[in-house]
Each structure stands twice: as structure tokens, then as C-alpha cells.
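Undergrad: Got a structure for you, questions after.
The values are calculated or read from the model by the stated rules, or taken from the named source; none is laboratory data. These numbers were taken from a predicted model, which means no experiment stands behind them. FYI the Cβ positions are ideal-geometry reconstructions off the backbone, even for glycines, and counts take in every protein chain you see. Accessible surface areas use protein heavy atoms only, side chains included; no ligands, DNA or RNA. Shrake-Rupley method; radii C 1.70, N 1.55, O 1.52, S 1.80 Å.
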Amino acid sequence: MNTLPALRIAGVGAWLQGAPDWPSLRSVLLGERGLADTAPVKPAANILPAAERRRAPDGVRLAAEVAAQAVAMSGLDAATLPCIFASTHGELAITDYVCETLAHAPLELSPTKFHNSVLNAPAGYWTIATGCTRASSAITAHHRSFAAGLLEAAVFACAEATPVLLAYCDVASTGPLAEMTRTTLAFGMALVLAPDAAAGARLTLALDAAPAAAPGPAGLALARAAGDNPANAQALLLLAALAATRSTRQALSLSSGSSLEMEITP
Amino acid sequence: MPARIEPLAITAASATSALGRGLAAHLDALRNGRSGLAPNDFSSAPLDCRIGRVAGVEDAPLPAPFARWECRNNRLAWLGLEQDGVRAAAARAVERYGATRVALVLGTSTASIGATEAAYRRLDHGHFPDDLRRPEIHTPHSLVAFVAAATGIGGPALTISTACSSSAKAFASAERLIRLGLVDAALVGGVDTLCDSVLFGFHSLALVSRTGCRPFDLGRDGISIGEAAAFALLERVDAAPTAPRLAGYGESSDAWHMSTPQPDGRGALAALDAALARAGIHIDAVDYINLHGTATVKNDEVEAKLLPRFPARARASATKGFTGHTLGAAGALEAVLALLAIEHGFVPPSLGCARPMPEAAAWLALQPEVRRIEVALSNSFGFGGNNTCLVFTRGEPA
């Protein structure tokens, strides 16, 4: 069996500077409008209590924002949703801070920044803010981080017969590390995937025992628009398919030898 | 409660830690109460504490074809793969099922961040030095990408990074992939290495013991940081009916605080209950619990609240006094130690615990004990309130 049962896309969230939610990003993807140039630089992340929001690093704010949007659209209770947080690089600004501080004054390392540096910081802040006691996870797979997170979330939803929240986010890189991590903008998106037959957009995933074809010109343009971050481009590919009016198939690279085929019926 | 699952066979397993390379070294140390902790000699400005360092990593470069993955964490991964036939077993699974029908799911908290730290210490006019200009090691996925290359595994390849529960959760993710029929086998495990981030990071949180960790001791005063590589190969039971089994697992979130556990232990209990439900095993059947037992004041206080749920005959111990807290590798390392306890019929002691907390004393093994173990649990709790409990059982009689 290589194909998973179809899942309903019960909720969608998105944030990109200039398109701070799914309806506005959808319009951008459909070419109906451009990115707003007077947009806030940081996501609102109002689901986090004020004190937590002040302490939260950028990636956590981004994840909380898109996750809250997707859950609100789904009409489900965040406290009941197992959640998977995926990211290519995690909190790049904090990694830069930690490495810089360790190089010069290791004893001055901030304890808050240290615990914010873990890849599961978004999962921690989210479950604390929403009172979610279900399983939470943090996934990464370098340039295939979105595909890996999507597979993990879909597999969880099918195996455990429960709706699942997936949030995928990356923040812009900074400092000397930027030459190695190369991601030039903050982007996040979230999905609530439900294993039920209710009306709505549907996602069918299959594992294909062949590497995904190299992206064509459209794919390369998408990757550039996605801050030179290939996993961002994977996520945008799904969102573009969801914005379209007819059913489409796309293949995402999943590992050196396999790909994730997705069929999306908006 | 989750439904019962079919158990999976563990057809190969190994661990490499401060106790040595491979299962025999671990068995010997656990039976003889020999700790791997030693004075901290790691980093340019070592903190005054004890660490669990793997000997000889510095002298074990990666084979030439893997030079682009070169870093301490991947060296330790390679050392770990070479013990007890793990790499050969993975190759057999690839041969038997096909490369894309085998998954790779590994946990790590810091992956090769040590290499990124080194680059920042040696910046050349603001740029990484030439030998470290390799994007593949400055990513938390460095470990999995390297192990995929080293084993030829071509199926889903996933890094789980939920701090100290990372490699315990790898067992859960892999089970779901196998249960849904997407793959036929999975290499799971975890690798974390000593680096400044964790040594100075836990120091900044005032969680590091100066004299060595003492899990569940009344005078416990923090963790000792260690490093390890541990792996297990999971296949369906019909592939190896007599092999020990992953019978269940439970995952939960505390929804409480980023760096301290929920005080009444509700989160940990939810993981335990879900694990036993998936395994279809009553708590009274549990013989041994490998506790998370970090030796912080809070962790052990909260975890001790679980113990009265177990039968009086159940034995429990924390093994971090042997290995140190190996963070993202701890879940897999301690799973392997629980498997050793089943296979060899003994309970490892809670090394470092001289004056046990009274509320835990009835269950804690302070000395190695000989006893048949059918059902062993392993607890792992991570930052952000991320909890996992694994259940292991004996296979069919040979």
C-alpha cells in the first residue's frame, strides 16, 4: 500500500509579509493582487498570551499565527488536535545569537534564548497557549521539511483516526550562518487535516519509489519567490494547488530515493 | 484511549555512549555499576562538572566517501552504526524490502550544531572557514541525511527534534509508517553529541550538577550531560517472531511550561496510559521502568508521582548516572538499555542514588538485580512538556 486514504483539508493558515492570512495569499497566488507593501513585519500571533508573545522568538510567533488561523477555519478545538510543527532551520536568529555568544562569552548565554532554541519551541508555546495535551512533535528534513511534515501529519491522522494540525514555518536567516542556510524571508502555513468524509477540499497522498523530478521554470520561480527556501516552495506548491479551481497532482521530493505525490481537489 | 497495535520486532539494536561501544560494553558496565561519567574536559573553557563523553570520537574520521558529512555528531553516528551489526542489518532490510520500503526516523536535539559553533569561533572576516562551508552539516537534518547516505535507506527520512524525547518519538513515527503499510521496516534511533550549546545552555538554566547526577537521590542537584548514538531496526513480527518487541508507545504534551514539568505529573501519566493501551498490557504486568530520571529537582519529583501506580513488585531505575543525559539520544539509548534488561534478565541500578527519595524508594533498584523481565517501559520527557513512554516485551520463546 503506497496510498493513504484521502484527507479533508479542514483548515488553512498562511503568513507572508504582505499576505498575512490564507485569503490574501490565495488572491496573490491566483494573480488577483500583489503583496501589500504596508504590511506588518511580524505576525500578530494573538493566540499567545501577551507575556509569552513578548518572549517568543519570531518562528514561534509565525507558527502560532498560522496554526491559529487554520484551527479557527476548521472550527475544531485546538486543545484536541495532535500537532506537528515542521521547519527547515528552526529559529535561525537564535542559532546565530547562541553561536555568536558561545564564541565570545559562553557564560553570558541567556537561559530563555537557550530554551527558545529547541526545534520544538513552537510546539511548546502552542500547546501551552491552547491547553493542548495531545501528542506534539517537531520535524525537520532540510530542503524536504515541508514534505516530511506533511507526510508525518497525514500518517498520524490516518493511523490514529483523528484530525491533526500541521504548521510549517521558516524565518529569514541572519548573521554568518546565512551563507549556509540561505532563506531570505519569513513564511509559514498551516493545515488541519481531517480523516472524514465531510464536504471540503481533499488531499490524497501516495509514496512514489522514485525521486521527484527537478523543478521546472515555474517551480524555480516559486522557489525564488519563497525566499530561496526549497521547503517553502514545496509548501507554496500545495497552497497554489489548493487555490486553483480544479484538481491537480504534484510531486514533492521526500528523500533521495522517494517522493510524495499529492492530489489536491479544492 | 488509543486502540491496541500489532507489536513490531526489534531485529537489531545497539548503543554507543560513555559506557563504551556496543551492547556488550553497556551490559558489562550496568551489571558492575561502572559509570561513564568523568570530569568535563570538553570545549575551550570547560565548566566544572562531569560529562559522559564517548572515547575516541576524535580519532575516528568518517570514511572518505562521506567526508562532506564530517563532524562530531556524524562520527558518533557512524561509530554507532558499526556496532552489533546495525549497519549490516539495515543493509539486509534494504535488500529484502527495497530501499524505498525502509524508513529512517532519528531523533536529535542539536544534531551537528557543534560544527556551526566551531565555524563561529573561527570566522574569517565574517565568513565561515573553508573547511566548514558545507550547508549539509549546518542543519538539524545533518544526522539523518548522513545516515541515509551511509545505509542506503531510500524511504521516508525524517528528523524528530523535540528535545529530550526526540528519539523516543522516532519509534512512534516509525510504527505508524509501518502500520499504514507505507514501509516494511524502519531504522530508528538517536544521536546527540557534546557541544557548547548544551553545556553552557543547561548551565545557564542552573540545571547542571557539578559533582555528577544523582537520579532520585534526596540531594540531587542537576543533570550531567552526555553523548550517545543508539539505533534499533523495526520490522513486522513475522519477520522475527523471537526478537524482542516494541509493544506500544504513548505521546502527550504537558501544556504547562517550556522548561519545567507539569507539577502533578498529568502529562507523563497520559503518555504512560496511552502506551499501555496501545500495548494492550495492564499496568500490573510491568516488570521494569527505565525512568527519565534526569536528576533535576523537578523532573524526579514529578516522575516519582507515577510510581505508586505500578505494582509493588515492579522495579524502576534511572540510568543517567551511567551515561549522563544524552538529550535527543536518550530515548533510543534507554530503550536499548531496557531491551538489554529483558534479554539478560536484570535490572540496572540507579547509579548515583545513595539516599533515595522516600516516595520512590520502594520501586528503585539501587544495586543490579537479577530478575526475569517480560515487560519493560522507558520514559522520556522533553523541554516544552513533550512526553513519550515506550513499552517493550519479550518475543516468542526461541
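Undergrad: Could you say whether any residue in the stretch B:364-371 is in contact with a helix residue (DSSP H, G or I) (Cβ under 7 Å, 6 or more places away or on another chain) and buried (at least 24 other Cβ atoms within 10 Å of the Cβ)?
TA: no
Undergrad: Something else about it: Tell me which residues, restricted to the stretch A:126-162, are part of a helix (DSSP H, G or I), of a type outside the set (A, V, I, L, M) and within 7 Å of chain B (Cβ to nearest Cβ).
TA: Passing the criteria: A:Thr127, A:His142, A:Glu152, A:Phe156, A:Cys158, A:Glu160.
Undergrad: Right, another one. Within the stretch B:311-328, how many residues are more than 20 Å from the chain's Cα centre (by Cα) and closer than 24 Å to B:Ala111 by Cα?
TA: The total comes to 0.
Undergrad: If only one of B:Ala90, B:Ala148 is farther than 20 Å from A:Ala148 by Cα, in contact with a Leu (Cβ under 9 Å, 6 or more places away or on another chain) and at pLDDT 95 or above, which one is it?
TA: B:Ala90
Undergrad: Looking for something within 14 Å of chain B (Cβ to nearest Cβ) and open to solvent by less than 10 Å² (accessible area, probe 1.4 Å) - is there at least one such residue anywhere in the stretch A:237-250?
TA: No, the conditions are met nowhere in the stretch A:237-250.
Undergrad: With respect to B:Arg121, determine if the residue is farther than 17 Å from B:Leu158 by Cβ and more than 9 Å from every other protein chain (Cβ to nearest Cβ).
TA: Against the criterion (farther than 17 Å from B:Leu158 by Cβ and more than 9 Å from every other protein chain (Cβ to nearest Cβ)), B:Arg121 does not qualify.
Undergrad: Which members of the stretch A:204-231 meet the condition of being surrounded by 15 or more Cβ atoms within 10 Å (Cβ to Cβ) and farther than 21 Å from A:Ser256 by Cα?
TA: Residues satisfying the conditions are A:Thr204, A:Leu222, A:Ala225, A:Ala226, A:Gly227.
Undergrad: Now for a separate question. Could you list, in sequence order, all residues of the stretch B:380-398 that are away from chain A (no Cβ under 14 Å) and open to solvent by 10 Å² or more (accessible area, probe 1.4 Å)?
TA: B:Thr393, B:Arg394, B:Gly395, B:Glu396, B:Pro397, B:Ala398
Undergrad: Another question about this same structure. Looking at (1) assigned to a loop (DSSP other than H, G, I, E, B); (2) touching a Ser or Thr at 6+ places or on another chain (Cβ under 9 Å); (3) over 21 Å from A:Gly188 (Cβ atoms), which one does A:Gly227 not meet, given that it meets all the others?
TA: Unmet condition: (3).
Undergrad: Is there any pair with a first residue in the stretch B:82-95 that is within 18 Å of B:Pro63 (Cα to Cα) and a second that is in a loop (DSSP other than H, G, I, E, B) and open to solvent by less than 10 Å² (accessible area, probe 1.4 Å) whose Cβ atoms are under 6 Å apart and which are 6 or more apart or on different chains, and what are they?
TA: Between residues of the stretch B:82-95 that are within 18 Å of B:Pro63 (Cα to Cα) and residues that are in a loop (DSSP other than H, G, I, E, B) and open to solvent by less than 10 Å² (accessible area, probe 1.4 Å), the close pairs are B:Gln83/B:Gly22.
Undergrad: Failed condition for B:Ser204, given (1) surrounded by 24 or more Cβ atoms within 10 Å (Cβ to Cβ); (2) facing chain A (nearest Cβ under 8 Å); (3) among the hydroxyl-bearing types (Ser, Thr, Tyr), with all others met?
TA: (1)
Undergrad: Still on this structure, please answer the following. A:Arg182 passes all but one of (1) among the basic types (Lys, Arg); (2) more than 7 Å from chain B (Cβ to nearest Cβ); (3) under 21 Å from B:Ala255 (Cα atoms); which number fails?
TA: Among (1) among the basic types (Lys, Arg); (2) more than 7 Å from chain B (Cβ to nearest Cβ); (3) under 21 Å from B:Ala255 (Cα atoms), A:Arg182 violates only (3).
Undergrad: Go through the residues of the stretch A:168-178 one by one and say whether even a single one is at pLDDT 95 or above and in a helix (DSSP H, G or I).
TA: yes
Undergrad: If you check B:Thr100 against the conditions, is it open to solvent by less than 50 Å² (accessible area, probe 1.4 Å), within 11 Å of chain A (Cβ to nearest Cβ), closer than 21 Å to B:Thr11 by Cβ and assigned to a helix (DSSP H, G or I)?
TA: Considered against the rule, which asks whether it is open to solvent by less than 50 Å² (accessible area, probe 1.4 Å), within 11 Å of chain A (Cβ to nearest Cβ), closer than 21 Å to B:Thr11 by Cβ and assigned to a helix (DSSP H, G or I), B:Thr100 comes out as yes.
Undergrad: While we're looking at this one, here's another question. Which condition from (1) surrounded by fewer than 24 Cβ atoms within 10 Å (Cβ to Cβ); (2) under 19 Å from B:Ala285 (Cβ atoms) is the one that B:Leu339 breaks?
TA: Among (1) surrounded by fewer than 24 Cβ atoms within 10 Å (Cβ to Cβ); (2) under 19 Å from B:Ala285 (Cβ atoms), the lone unmet condition for B:Leu339 is (1).
Undergrad: Within the stretch A:78-104, count every residue that is more than 8 Å from every other protein chain (Cβ to nearest Cβ), touching a strand residue (DSSP E or B) at 6+ places or on another chain (Cβ under 9 Å) and small (Gly, Ala, Ser).
TA: Here the count works out to 3.
Undergrad: Is there a residue in the stretch B:157-164 that is in a loop (DSSP other than H, G, I, E, B), on the phi < 0 side of the Ramachandran plot, in contact (Cβ under 8 Å) with a residue 60 or more places away in the chain and not aromatic (Phe, Trp, Tyr)?
TA: yes
Undergrad: While we're looking at this one, here's another question. Just to verify a result, which residue in the stretch A:22-52, among those that are open to solvent by 60 Å² or more (accessible area, probe 1.4 Å) and not in a loop (DSSP other than H, G, I, E, B), is nearest to A:Ala233 (Cα to Cα)?
TA: Once the filter is applied, the top-ranked residue is A:Arg26.
Undergrad: Looking only at the stretch B:134-144, which residues are within 9 Å of another protein chain (Cβ to nearest Cβ) and in contact (Cβ under 8 Å) with a residue 12 or more places away in the chain?
TA: Scanning the stretch B:134-144 gives B:Arg134, B:Glu136, B:Ile137, B:His138, B:Thr139, B:Pro140, B:His141, B:Ser142, B:Val144.
Undergrad: Might you check whether a residue that is open to solvent by less than 10 Å² (accessible area, probe 1.4 Å), more than 7 Å from chain B (Cβ to nearest Cβ) and not basic (Lys, Arg) occurs anywhere in the stretch A:105-114?
TA: Within the stretch A:105-114 (the criterion being open to solvent by less than 10 Å² (accessible area, probe 1.4 Å), more than 7 Å from chain B (Cβ to nearest Cβ) and not basic (Lys, Arg)), the answer is no, since none of the residues qualifies.
Undergrad: Working only within the stretch A:105-122, note down all residues that are part of a helix (DSSP H, G or I) and without any contact (Cβ under 8 Å) to a residue 60 or more places away in the chain.
TA: Hits for the stretch A:105-122 are A:Pro106, A:Leu107, A:Glu108, A:Pro111, A:Thr112, A:Lys113, A:Phe114, A:His115.
Undergrad: Of the numbered conditions (1) open to solvent by 10 Å² or more (accessible area, probe 1.4 Å); (2) more than 8 Å from every other protein chain (Cβ to nearest Cβ); (3) outside any helix (DSSP H, G or I), B:Gly189 fails exactly one; give the number of that condition.
TA: (1)
Undergrad: Filter the stretch B:265-281 for residues that are open to solvent by 20 Å² or more (accessible area, probe 1.4 Å) and either part of a loop (DSSP other than H, G, I, E, B) or among the β-branched types (Val, Ile, Thr) (or both) and give the result.
TA: Residues satisfying the conditions are B:Gly280, B:Ile281.
Undergrad: Taking the stretch A:70-104 on its own, how many of its residues are outside any helix (DSSP H, G or I) and surrounded by 20 or more Cβ atoms within 10 Å (Cβ to Cβ)?
TA: Total meeting the criteria: 11.
Undergrad: A follow-up question, please. Given the conditions (1) in a loop (DSSP other than H, G, I, E, B); (2) more than 13 Å from chain A (Cβ to nearest Cβ); (3) open to solvent by 20 Å² or more (accessible area, probe 1.4 Å), and given that B:Asp284 satisfies all but one, which numbered condition is not satisfied?
TA: (1)
Undergrad: Hey, can you tell me all the residues within the stretch A:153-199 that are of a type in the set (D, E, K, R) and either more than 13 Å from the chain's Cα centre (by Cα) or open to solvent by 10 Å² or more (accessible area, probe 1.4 Å) (or both)?
TA: Residues satisfying the conditions are A:Glu160, A:Glu179, A:Arg182, A:Asp196.
Undergrad: Please go through the stretch B:145-176 and give me each residue that is β-branched (Val, Ile, Thr) and at the interface with another protein chain (Cβ under 7 Å from one of its Cβ atoms), ordered by number.
TA: B:Thr159, B:Ile160, B:Thr162
Undergrad: Select from the stretch A:194-214 the residues that are in a strand (DSSP E or B) and within 14 Å of chain B (Cβ to nearest Cβ) and list them in ascending order.
TA: Answer for the stretch A:194-214, where residues must be in a strand (DSSP E or B) and within 14 Å of chain B (Cβ to nearest Cβ): A:Thr204, A:Leu205, A:Ala206, A:Leu207, A:Asp208.
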